[in-house]
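Bear in mind these aren't lab numbers, they're just calculated from the coordinates by the rules spelled out. Bear in mind that the values here come from a model prediction, so they are computed numbers and not experimental data. Cβ coordinates were reconstructed from backbone atoms using ideal geometry, including for glycine residues, and neighbour counts include every protein chain displayed.
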Amino acid sequence: GAGVSQSPRYKVAKRGQDVALRCDPISGHVSLFWYQQALGQGPEFLTYFQNEAQLDKSGLPSDRFFAERPEGSVSTLKIQRTQQEDSAVYLCASSLGRLLHTDTQYFGPGTRLTVL
Amino acid sequence: QKEVEQNSGPLSVPEGAIASLNCTYSDRVSQSFFWYRQYSGKSPELIMSIYSNGDKEDGRFTAQLNKASQYVSLLIRDSQPSDSATYLCAVICGTSYGKLTFGQGTILTVHP
């Protein structure tokens, strides 16, 4: 079946522009996570949704970052007034959501954001 | 101190050898441990999970967990050039909603 998809795959933004990154999780997956991966580093947690509820947003680096999942499926990560330090790969992952501590998280291909 | 630390790489082993990857974590309430493989330019892919002390084997891969020492490792037997990738150790803390906390990754190169 289809895996997690993300769009766009690459995004170049000028500093100060707003960007929106989309994630389509695996059908039926309740849990959805966003991670940020800087070059040469492991992914870092940004936020977590269970269906449409955003239960953990402790990893969002500033109030310029906003995420939503209004119907419990597709999610959008929005970054306002982008800065150069926002340049990274943004990964979305989904899981069944039945057993949070053992569910396998399946990752999408990521969106590589470059802020000039 | 980072929450999850991996042995610094890069690690280079000859084809057919055993590759040993190590990881330590700081949060004692961590309860789930994972090894992900990430090829260059690709997304992480789960290769092993382990939840209780001891060894868990899956084909050429063996994960080892020692909660008392807060240590988890991955052994790759009969290493192949196709195993060349970055290996990420990840941990789920018992008090979280299942978010993964990753180490910085270890780059493994298997040379023919």
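Quick notes on this one:
- Look at the dipole of chain B built from charges on Cβ: of B:Ser12, B:Ser52, B:Gln38, the Cα furthest out on the positive end belongs to B:Ser52.
- Entries in A:Lys78/B:Lys42; B:Lys2/B:Lys99; B:Lys2/B:Lys42; A:Lys78/B:Lys99; A:Lys57/B:Lys42; A:Lys11/B:Lys2 that, when Cα-Cα distance is taken, lie over 18 Å: A:Lys78/B:Lys42; B:Lys2/B:Lys42; A:Lys78/B:Lys99; A:Lys57/B:Lys42; A:Lys11/B:Lys2
- Cysteines in the protein assembly as shown lacking any other cysteine Cβ under 4.7 Å from their own Cβ: B:Cys93.
- Net charge of neighbours whose Cβ lies under 15 Å from the Cβ of A:Asp86, counting Lys and Arg as +1 and Asp and Glu as -1: +3
- Chain A: relative contact order in percent, alpha carbon pairs under 8 Å with at least 6 residues between: 36 percent
- Exercise: per-residue mean of other protein chain Cβ atoms within 10 Å, B:36-42: 2
- Cα gyration tensor shape for the range B:2-112, rounded if a/c is under 1.5, else prolate or oblate: prolate
- Globularity index of the range A:1-66, i.e. its alpha-carbon radius of gyration over 2.2 N^0.38 Å: 1.22
- Bins of 10 Å from zero: percent of alpha-carbon pairs in the range B:12-52: 20, 42, 31, 6
- Shown here are the Rg and Dmax of the Cα trace of the protein assembly as shown, at 17.6, 51 Å.
- Assuming charge only on the beta carbon of Lys and Arg (+1) and of Asp and Glu (-1), the dipole of chain A about its Cα centre is about 380 debye to the nearest 20.
- Taking 17 Å as the straight-line reach from the Cα of B:Lys67, the aspartates and glutamates in range (excluding those fewer than 8 positions away in the same chain) are B:Glu3, B:Glu5, B:Asp27, B:Asp55.
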